[in-house]
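Student: If you scroll down you'll find the structure; I have some questions about it.
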């Protein structure tokens with residue numbers, strides 16, 4: 001139940017609705033019990049088993065006796081003055097009132113609970129999204145995207161269904177049972193104590209099954225994440241799947257996953273389905289035992305309980321059966337939901353290692369240089385960068401070249417602090433980036449990656465991502481610098497055209513120029529270009545390269561290059577191998593050395 005309690009913490013802002021729900025459920029429980037108690041004196045009088053009361057009772061012998069005597073008194077008066085028909089009409093009016101108020105308060109309890117339930121689900125989703133955006137990139141490099149999506153969708157849905165729908169039963173049904181038991185004790189303490197001996201047996205049986213349900217549910221939710229990840233990978237790699245005619249192979253893998261999910265869900269639903277029949281069977285067994293024991297008491301005269309009270313007692317015990325059934329179902333639901341809650345809380349409780357220090361600087365400008373001092377970094381076991389040092393003076397363009405896996409893109413992740421170095425330090429204006437607020441640090445940096453990250457939104461909103469109050473003139477100016485204005489104005493709605501999922505209505509070159517326009521509009525003093533042209537055709541590359549050159553004017557730029565033709569004008573070219581610098585200098589200097597860089601240029605020229 002620990003995770004259930006953690007989810008309930010999200011209900012704090014909605015406490016007033018919880019109290020209103022409890023109030024309405026108390027009133028529901030009272031009228032529910034009274035609707036049965038009202039018939040006891042009536043049965044006695046109508047069937048001649050109870051003396052009629054002609055004197056108005058006084059409150060001396062307790063609540064139960066006073067209520068029973070009062071009803072007896074009014075029914076007796078009715079019978080005297082108007083006969084049986086008038087008494088029956090009175091009884092029907094009382095019953096109608098009881099059932100009306102019982103159901104009115106039941107509706108009101110559910111009405112106010114809706115605000116609590118939907119509010120908790122909204123806040124839970126908001127918290128999950130906020131946490132996902134806040135967590136470092138390293139967290140997601142180790143997780144499947146589909147599993148994270150499953151936690152935000154199906155797991156939250158399961159929590160809503162299992163936990164929050166069970167809240168009503170967990171609050172209302174115990175109240176009904178408490179008020180019913182009080183009435184049963186008032187009628188016969190001996191018979192109620194006998195019933196109490198039988199009830200714990202039911203609880204133990206139900207509890208043992210519900211524990212197994214949680215373990216199976218956890219496996220089922222994990223499998224949901226697996227096949228959602230598989231769907232996400234399939235949609236992303238559809239061209240490759242089709243080109244390698246691997247449709248049947250992929251379909252079989254998906255089928256294996258859904259088959260495992262089917263078996264797990266069958267087990268979950270079989271156990272859950274057992275809750276209601278088992279509780280009903282155990283309840284019926286208890287009622288039969290009570291009929292036998294209570295019948296003996298009434299027939300032998302061992303108790304003051306009258307036959308009509310015994311009938312009313314059986315009615316009250318039946319009143320307990322449905323709440324007991326609902327509680328057992330709620331227990332099963334909570335156990336099932338506990339597995340989903342555990343998966344949700346594992347994200348919400350994940351510690352973010354990349355956080356701002358309490359006294360972190362809110363740095364607004366870049367003045368002198370970026371310095372990487374003896375930094376070492378590893379993603380898992382092996383170091384990608386080892387004792388690496390580099391200075392990037394303000395206003396200069398430094399290009400990083402080298403074979404794949406040499407650590408170039410890792411540097412692009414370390415400077416904006418997407419990851420933290422394992423050893424050494426990165427300084428901006430002689431301030432360690434760990435001492436600068438993350439938001440302030442990233443405001444100083446513009447990033448253009450090999451893959452154009454665009455969103456299912458308009459051109460305008462993609463360019464102004466993270467930038468508030470940008471004027472149309474500023475947006476058009478940025479687009480012109482990025483050589484994007486010409487194609488944007490030819491789109492159906494110009495800057496208000498929706499570019500589709502990941503910008504799939506645009507060509508690769510157009511998408512990249514939009515990414516550059518976004519970086520230009522941000523106007524940061526430091527620009528990081530991570531192989532920004534490597535995925536483009538020659539014509540698109542020339543347009544993008546011109547856009548990049550315009551953008552890099554008067555800026556400090558770190559360019560990670562695959563195509564060496566794009567970095568000939570760099571102030572410094574750094575050649576990397578296995579996380580270390582093996583050569584550095586200008587394009588001409590490195591060519592004259594006729595070493596590694598010279599070989600790389602020749603290889604690309606031959607290519």
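Just so it is clear, none of the values below were taken in a lab; they were calculated from the coordinates. These numbers were taken from a predicted model, which means no experiment stands behind them. A quick note on method: Cβ atoms are made from the backbone with ideal geometry, for glycine too, and the neighbour counts reach across all protein chains shown.
Student: Using 0.36 nm times the number of residues separating residue 194 and residue 104, minus their current alpha carbon distance, what extension gain do you get?
Tutor: Fully extending the segment from residue 194 to residue 104 adds 29.0 nm.
Student: Which value in nm describes the separation of the simple spin-label points at residue 12 and residue 231, placed 7 Å from the Cα toward the beta carbon?
Tutor: 3.5 nm
Student: Follow-up question, since we're still on this one. By how many nm would the segment from residue 418 to residue 293 lengthen if fully extended, with 0.36 nm per residue of separation less the alpha-carbon distance?
Tutor: Here the answer is 37.8 nm.
Student: When 172, 296, 442 are ordered from fewest to most other Cβ atoms inside 10 Å of their Cβ, what list results?
Tutor: Ascending number of Cβ neighbours within 10 Å: 296, 442, 172.
Student: Right, here's the next one. If each residue of separation counts as 0.36 nm, what is the full-extension length gain between residue 360 and residue 70 once their alpha-carbon separation is subtracted?
Tutor: Extra length from residue 360 to residue 70 when fully extended: 97.0 nm.
Student: Let me ask something else about it. Counting other C-beta atoms within 10 Å, which of 571, 530, 472, 359 has the fewest, and how do the rest follow?
Tutor: Ranking 571, 530, 472, 359 by Cβ neighbours within 10 Å, fewest first, gives 359, 472, 571, 530.
Student: If I take the Cα coordinates of segment 369-606 and project them onto the principal axes, what are the three extents in Å, biggest first?
Tutor: Cα spread of segment 369-606 along its principal axes, largest to smallest: 51, 46, 34 Å.
Student: Still on this model: Fewest first, what order do 4, 99 take by the number of other Cβ atoms within 10 Å?
Tutor: Taking fewest neighbouring Cβ atoms as first place, the list is 99, 4.
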